[in-house]
Amino acid sequence: MTHDHDLVLRPTAAQTEAALNPPPGRNGGDLVVETLAGLGATTVFGLPGQHALGMFDALRRSDLRYIGLRVENNAGFAADAYGRITGEAAPLLLSTGPGALTSLAALQEARAASAPVLAISSQVPTAGLGGGRHGYLHELPDQAASFRGVVKSVHTVRTQSQIPSAIAEAWTSALTVPHGPVWVEIPQDVLLAETAVPVVTGGDTFPEELPPRPELTAVAADLLARAERPAIIAGGGVVRADASKKLRQLAERLQAPVVTTFGGKGAFPWTHPLSLQSWLEDRHTTDFLEDADVLLVVGSGLGELSSNYHTFRPRGRVIQIEADLGKLESNHPALGIHADARLALQALLETVGERTDPAAPERVRAVLDKVRERIASQELTLEQDVLAAVRRALPPGAPSFWDMTILAYWAWSAFDAEAPNAMHSAQGAGGLGYGFPAALGAAVADPTHPVLAVSGDGGALYSIAELATARQYDLHVTWLIVDDGGYGILREYMTDAFGQPTATELTRPDYVALAESFGVPGVRTSPKTLEADLAKALAAPGPSVVVLPAVLRMFAPTHLD
């Protein structure tokens, strides 16, 4: 009788030859790049530093493609987007101390959005580990401690023989649902020392699946089948799990209206008769969801933005499917199902009965009509025209990446993503500077489509250095910068709260001239010419910048009423 634990993968002749006769001149850095290649990585992002030079020198001896950015945080945003687009763990190579710490905001966004990023950093030499103060350059008492509250898992390597297994373990962690960033750190001397460890020739890992408990999906299916007014909230977990088709099948079977969260944009067709679109910051939508007698929440923790700033008070039964155990029932009591969205939706499709409700599309139209009437009453034609121009200019299938700016806040609610995994923003952690470097990562992941980045002038200054990256690698990204002379949304918030703004106004450069100084074509546009100028820029190969001088306003919130 053969047991699973008796099965051993035998090396091939080529693997045996490589192990017995490794090429000369290899060091710990070679073990890093060999392990990444063995796991299936083809591209790495990062920024070199003194302690990490062993890794970067090893890149020269590998087939991995290196994309170097100018700021570590931006490299993290690029890796985040690469992970979102490909579904693969995106390697991010960093150096010790300041270089590593500069990536924290990007890793926080990756954690919030469940983007798989494999950050590998150098460390001070092994003798400096353990919290003593040895005075090494870049030394921290406990570098890993800075990351434990941000990433999914932390892995510290102390010897060369630990490198392949530590990286493989981290890779598995990054790709086990919920996906997310992970942290590996390797001392400088371990990276630089010549190695006797054989060439790493394999590295298959198998991320664990997270199926739902069948007794829970049976109860959920029964509740949904007997519901009189079911509704669905679809979050980013649906997109990350590639479960949009299953969501649509279930919604149509139940005749249940669907609203997508800002992280779940594109998870459900925008113009579908059951689509409530993404108007979560609107009391009409909130009222509708509160009135559902059974509310299915898939891949969302019902956090601040998804709950209309915690004003949402469901009166019916809530079923929550969530892969992140920490988010399960964290805001509302529910029938909590800890599971991957795709597997849980499949289980429901296999058990739930069909429901008829010819009035459901009519109820959806009524809500959307009320939303449109509310927005129309606020005289926000400019904002709606600008957003519509962007949508018309963006080719089908082209992804967009949005910074924290007023036009992005409009897009969260009012922009048709047209497809799953096509619209991305920094709404998870909410930091500035995401849009442009993330778009660069997406262009590296899939060069077959142009990529749009949208920033305000304040956010643009966080990542202006990456124009050099865009030019160096000739990445097909068009950057729309809405220039309103300051931090526009903060200007609005402060004026509403205190009567006048403070610290929101900015002296800014001529963005067209600045882009051209990097060798990137730029154009200054207007609301009337935006569609044509943006479409032209997106159609031209390589990077480009379109600057729109405009002061946009937000629609009035409903959570303060």
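Note on the chain: dipole from Cβ charges, positive end direction compared against Q188, N331, G263; the farthest Cα belongs to G263. Under the convention that each Lys and Arg Cβ holds +1 and each Asp and Glu Cβ holds -1, the size of the dipole of the chain around its Cα centre is about 260 debye. In the context of the full set of protein chains, residues of the stretch 470-523 present 52 Å² of accessible surface per residue (probe radius 1.4 Å, heavy atoms only). Near A388, once Lys and Arg are set to +1 and Asp and Glu to -1 for all other residues with Cβ below 13 Å from its Cβ, the sum equals -1.
Exposure check, 1.4 Å probe, all protein chains in place: I67 carries approximately 10 Å² of accessible surface. For a straight C-alpha distance cut-off of 29 angstrom, the lysines reachable from K245 (same-chain residues fewer than eight places away being disregarded) are K152, K265, K327, K370. Considering only L31, W410, P207, the residue lying farthest towards the positive end of the dipole of the chain is W410, judged by Cα position with unit charges set on Cβ. Taking 20 Å as the straight-line reach from the Cα of K528, the lysines in range (excluding those fewer than 8 positions away in the same chain) are K536. Keeping the other protein chains in place, figure out the carbon and sulfur percent of the accessible area of the chain, with a 1.4 Å probe. So the carbon and sulfur contribution to the accessible surface is 53 percent. Using Cβ point charges alone (K and R +1, D and E -1), the dipole size of the stretch 259-383 about the Cα centre works out to roughly 60 debye.
Among rounded, prolate and oblate, which fits the chain when a ≥ b ≥ c are the square roots of the eigenvalues of its C-alpha gyration tensor, a/c under 1.5 means rounded, and a/b larger than b/c means prolate? The shape class here is oblate.
The values are calculated or read from the model by the stated rules, or taken from the named source; none is laboratory data. Keep in mind the model is a prediction, meaning the values are calculated, not measured. In this analysis, Cβ positions are derived from the backbone assuming ideal geometry, glycine residues included, and neighbour counts consider all displayed protein chains. These area figures cover heavy atoms from the full protein model, side chains too; ligands, DNA and RNA do not enter into them. Shrake-Rupley method; radii C 1.70, N 1.55, O 1.52, S 1.80 Å.
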